[in-house]
1. Check off (1) modelled with pLDDT under 95; (2) on the phi < 0 side of the Ramachandran plot for LYS47 and give me the number that stays unchecked.
2. Restricting attention to helices (runs of 4 or more DSSP H) lying wholly within the chain, give those where 2 or more residues are loosely packed, with under 11 Cβ neighbours inside 10 Å and among the polar types (S, T, N, Q).
Amino acid sequence: MMIVLNGEFQRQEVQKRSINLISDLSLEYDVLISCKFTSAESYAKSKMPLMLNIRKDGVAI
């Protein structure tokens with residue numbers, strides 16, 4: 001799951017704040033959820049293959 005955040009952020013702080021929710025959802029639905037966090041600017045401009053694929057095939061929710 002790619003989570004796009006507005007503005008600058010501290011990756012470790014965001015991961016720390018979201019780990020309990022992600023863990024609870026993983027256990028509740030018996031799935032492994034892997035989250036990647038990025039800024040809106042990086043998401044829009046990155047040429048990395050992962051970002052290109054997400055922009056092409058991703059579903060915004």
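The values are calculated or read from the model by the stated rules, or taken from the named source; none is laboratory data. Since the structure is predicted, the reported quantities are computational estimates derived from the model, not experimental observations. Backbone-built Cβ (ideal geometry, glycine too); neighbour counts: all protein chains shown.
1. Every listed condition holds for LYS47 apart from (1).
2. Working: elements: 11-29, 40-45, 49-57.
In the chain, 11-29 are the helices (runs of 4 or more DSSP H) which contain 2 or more residues that are loosely packed, with under 11 Cβ neighbours inside 10 Å and among the polar types (S, T, N, Q).
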